[in-house]
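Okay, so here's the structure we're looking at.
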Amino acid sequence: MCGRYVSATAASKLAEEFAVDEVVVEDLGERYNVAPTLDVYTIVTTNEGTRRMGSLRWGLVPAFAKDEKIGNRMINLRAETVTSKGGFTRLLERRRCIVPADGFYEWQKPDKQPFYITSADGGPLAFAGLWDKWKDLRTVTLITGEPNDLVAKIHDRMVVCLPPDAWDTWLDPNVGAEEAAKLLVPLPSDQMRAYPVTKLVSNVKNEGPELLEPLPGH
């Protein structure tokens, strides 16, 4: 799963990186321990074909929900779930988005050692996300799938990170669910790097760039 990540790049820089046409969110600031229930940057393509960057609350509350508490449990959706017939196929068909990030954390058993995982070239990661509207609330979830060889040494699941050549397809509203599902594969290991970091990141109250410092010897 992916329950914590880093979003420290300015909105203006992200808009440039992702060729955004319209920014409708104020800069959320540098955040090194982004947790569920927070507003996070999201990139979508509107019905008019405009690529827009805004923000949504992390933790999906689907349109069919009885109340918004379900969002606390739906921070991730499995790729196997969203590609099977059911209530989430609709989102895969019509409500795809990208959640930009600098990197994410995963915890390795048995001692719950956190690792920071980021791109090998220092560029942004593009998490595959799905969003929905419940009453006046708009929320997002991150899709997880099988890990690549690098992440498999740390965790048995991995957030789907879309390579740059897949961004346009994922955001294209004319692309259907079947074609979009083909993009839900792990980013190759040689495009990522990972290293252990302080256990302070395990507490959502801890913040700051020091959370990204490699442990001694790494």
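From the list R73, R90, R96, exactly one residue is modelled with pLDDT of 95 or more, out of contact with any His (no Cβ under 7 Å at 6 or more places or on another chain) and either within 20 Å of A180 (Cβ to Cβ) or not polar (S, T, N, Q) (or both). Which is it?
On the way: R73 fails: modelled with pLDDT of 95 or more; R90 fails: modelled with pLDDT of 95 or more.
Just a single option satisfies the conditions, and that option is R96.
Could you tell me how many of the residues in the range 120-136 are loosely packed, with under 14 Cβ neighbours inside 10 Å and part of a strand (DSSP E or B)?
Selection size over the range 120-136: 1.
Here's the yes/no breakdown for (1) in a strand (DSSP E or B); (2) in contact with a helix residue (DSSP H, G or I) (Cβ under 7 Å, 6 or more places away or on another chain); (3) within 20 Å of D21 (Cβ to Cβ):
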| position | (1), (2), (3) |
| --- | --- |
| L56 | yes, no, yes |
| L77 | yes, no, no |
| E80 | no, no, no |
| L92 | no, yes, no |
| W107 | yes, no, no |
| D111 | no, no, no |
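Answer with yes or no whether G122 is at positive phi and small (G, A, S). First the steps, then the outcome.
Numbers: at positive phi: yes; small (G, A, S): yes.
When the stated conditions are applied, G122 passes them.
Within the bounds of the range 155-170, is there any residue that is surrounded by 15 or more Cβ atoms within 10 Å (Cβ to Cβ), among the hydroxyl-bearing types (S, T, Y) and in contact (Cβ under 8 Å) with a residue 24 or more places away in the chain?
no
Is there any pair with a first residue in the range 65-89 that is surrounded by 15 or more Cβ atoms within 10 Å (Cβ to Cβ) and a second that is in a strand (DSSP E or B) and small (G, A, S) whose Cβ atoms are under 7 Å apart and which are 6 or more apart or on different chains, and what are they?
Close Cβ pairs (under 7 Å, with a partner that is in a strand (DSSP E or B) and small (G, A, S)) amount to A79/G145.
Restricting the first residue to the range 139-153 and requiring it to be farther than 20 Å from V34 by Cβ, which pairs with a second residue that is at pLDDT 95 or above and in a strand (DSSP E or B) meet a Cβ separation below 6 Å and a spacing of at least six or different chains?
That search, which allows pairs on different chains as well, returns P147/M158; L150/M192; L150/A194.
Since P196 meets every condition but one in (1) closer than 30 Å to N47 by Cα; (2) in a strand (DSSP E or B); (3) not basic (K, R), which condition does it not meet?
(1)
Among the candidates L187, L142, single out the residue that is crowded, with 21+ Cβ neighbours inside 10 Å, in a loop (DSSP other than H, G, I, E, B) and under 14 Å from the mean Cα position of the chain (by Cα).
Values: L142 fails: in a loop (DSSP other than H, G, I, E, B).
Result of the check over L187, L142: L187.
Among the residues of the range 22-45, are any in a loop (DSSP other than H, G, I, E, B), closer than 19 Å to L162 by Cβ and among the polar types (S, T, N, Q)? Give the derivation first.
Filtering the range 22-45 down to residues in a loop (DSSP other than H, G, I, E, B) leaves 24-30, 35-38.
After this cut, where a residue has to be closer than 19 Å to L162 by Cβ as well, the list is none.
Scanning the range 22-45 turns up no residue that is in a loop (DSSP other than H, G, I, E, B), closer than 19 Å to L162 by Cβ and among the polar types (S, T, N, Q).
Among (1) touching a strand residue (DSSP E or B) at 6+ places or on another chain (Cβ under 6 Å); (2) hydroxyl-bearing (S, T, Y); (3) surrounded by 12 or more Cβ atoms within 10 Å (Cβ to Cβ), which single condition is T37 missing?
(1)
The values are calculated or read from the model by the stated rules, or taken from the named source; none is laboratory data. Just so you know, these numbers come straight off a predicted model, no measurement behind them. Counting neighbours? That spans all protein chains shown, and the Cβs are built from the backbone with ideal geometry, glycine included.
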